[in-house]
Amino acid sequence: MQNKSRRFGKREQSERTKVKLESDKMLADIDDGIGWVTFNHPARRNAISLEMWDGLATILETFQADDAVRVVVLKGAGEQAFVSGADISEFDTKRSTAAQKETYAKTMSAANRWLAKIDKPMIAMIQGYCIGGGLAIALSADIRFATPDSTFGIPAAKLGLGYEYEGLVRLSQLVGPARAKDIMFSARFIEAEEALRMDLINHICARDKLESTVREYASLVAANAPLTVKAAKAAINEGQKDPGQRDLQAIRTMIDNCFDSEDYKEGRLAFREKRKPVFKGE
């Protein structure tokens, strides 16, 4: 179902807290329970560089450890792109020798591990190009919002490079094997309407309503019981694994922790008192 300018709820705004980073090509701040991650390289359509991969890992590790962050939003600076892929312009200087390739791979892998392991809900806010590695980042998110003029694609076959196994598994889980093959074999660009039909994205929003809609949805998630939300994400993700690799005991423990939590008491009390609950993640 297409969603345009849908209102998901409201929370009072609070002062933003900036996260200090070594590179200005990645920005991060915390606002009212939402951790905002901005790919800030608009001159190159937010093509992701080595220092940006490093900054992304740092941000996600920081957000994971901070209880003030209940939901994470990924976005691109400017109006042209979410992330338009890797910054190929730096490959001759930072990815040409074997040693450089190893360093690059380790840095990128660290960021991808955090994209996969962060246990808080993650939203991709997409406008413009979402290509190659940018689409892989978006697919790591739990929910994806996009503008009608957004464009998606994985042009690996036009560059002669191999695409990572984990990324293809995630793509196949979302759109199905046949559509995943279509995307990879053709290397074609996909418009937002088709991306919505194939479940590559969840919602389409008008460009001037995108950030406000994402903020309202993120605030709605942030207001819910953190332990319940984390347990739900973990259980759904675990269900995507092969049966022999699933840690069902860990999921049962997370569910039991919800029932033993102060938040469960608060939820029941708030229901009886006919008021909104105030959850603390405890």
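Odds and ends about this structure:
- So residue 105, is it in a helix (DSSP H, G or I), in contact (Cβ under 8 Å) with a residue 12 or more places away in the chain and closer than 23 Å to residue 154 by Cβ: no
- In the stretch 217-245, the residues that are farther than 25 Å from residue 144 by Cα and surrounded by 15 or more Cβ atoms within 10 Å (Cβ to Cβ): none
- Screening residue 56 against (1) closer than 22 Å to residue 101 by Cβ; (2) part of a strand (DSSP E or B) leaves a single unmet condition, (2).
- Qualifying positions in the stretch 62-89 - farther than 30 Å from residue 207 by Cβ and either among the aromatic types (Phe, Trp, Tyr) or in a helix (DSSP H, G or I) (or both): 64, 65
- Tally of residues being at pLDDT 50 or above, over 16 Å from residue 125 (Cβ atoms) and among the small types (Gly, Ala, Ser) across the stretch 5-32: 2
- Of all residues in the stretch 216-229, exactly one satisfies the criterion of being over 13 Å from residue 34 (Cα atoms) and either part of a loop (DSSP other than H, G, I, E, B) or without any contact (Cβ under 8 Å) to a residue 12 or more places away in the chain (or both), namely 225.
The values are calculated or read from the model by the stated rules, or taken from the named source; none is laboratory data. Source: prediction; values computed, not measured. No Cβ is skipped: glycine too gets one built from the backbone with ideal geometry, and neighbour counts run over all protein chains shown.
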